[in-house]
Structure formats: C-alpha cells, structure tokens
C-alpha cells in the first residue's frame, strides 16, 4: 500500500513513521488530505454531506491537477514522477 493510499484510506490521522515513510512524500500526501478535508467541509456547508470516499474521488477528479501544478515546480525535475503522476 502506498503512502497516498494509507493516508486517504480514512479521514483520521495517520502518524509519520521515520524509516517507513519518505518525509517529503508523506508531507505532500498530507497536504492532499488536508485539501480533501477542506473540500468535504465546504461541500457540507452547502448542504452536500459527502462520505470520505466521495470527497476523495470528487476532489481528485476536480482539483488534483491544479493542486499539483500549484505546488510542484513544472520546469524542473526536482520532484519524482510519483508526485506528478499519481492517479487515484
């Protein structure tokens, strides 16, 4: 199971484990999880009560590409392909 799968498996907190997780990868995945939580909250304020799975799938479909463009430099190869090419 990848770190992104582990983190997005549930809405709950997942602790960082040195030696098991790559710190940069884990932090990027946590940022994604925070964005999904915010999306779920915003939609809840609009009266749409999404499950965690619905929120993950909707956010990934609607916002993931723009999020990655905003946080990953596009003119360099300083980030591994797994960040740029995550498909969920």
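Select from the range 43-80 the residues that are farther than 20 Å from residue 27 by Cα, at pLDDT 80 or above and surrounded by fewer than 12 Cβ atoms within 10 Å (Cβ to Cβ) and list them in ascending order.
Selection gives 45, 46, 47, 49, 51, 61, 62.
Can residue 43 be described as in a helix (DSSP H, G or I) and under 14 Å from the mean Cα position of the chain (by Cα)? Steps first, please.
Working: in a helix (DSSP H, G or I): yes; under 14 Å from the mean Cα position of the chain (by Cα): no.
So residue 43 fails the test.
If you scan the range 11-26, which residues turn out to be surrounded by fewer than 12 Cβ atoms within 10 Å (Cβ to Cβ) and within 20 Å of residue 64 (Cβ to Cβ)?
Listed by number, the list holds a single entry, 24.
Against the conditions (1) touching a residue at least 40 places away in the same chain (Cβ under 8 Å); (2) surrounded by 14 or more Cβ atoms within 10 Å (Cβ to Cβ); (3) assigned to a helix (DSSP H, G or I), where does residue 33 fall short? Just the number, please.
(1)
The values are calculated or read from the model by the stated rules, or taken from the named source; none is laboratory data. Here the structure is a predicted model, which is why all the values come from computation and not from measurement. We place every Cβ from the backbone using ideal geometry, glycine too, and count neighbours over all the protein chains shown.
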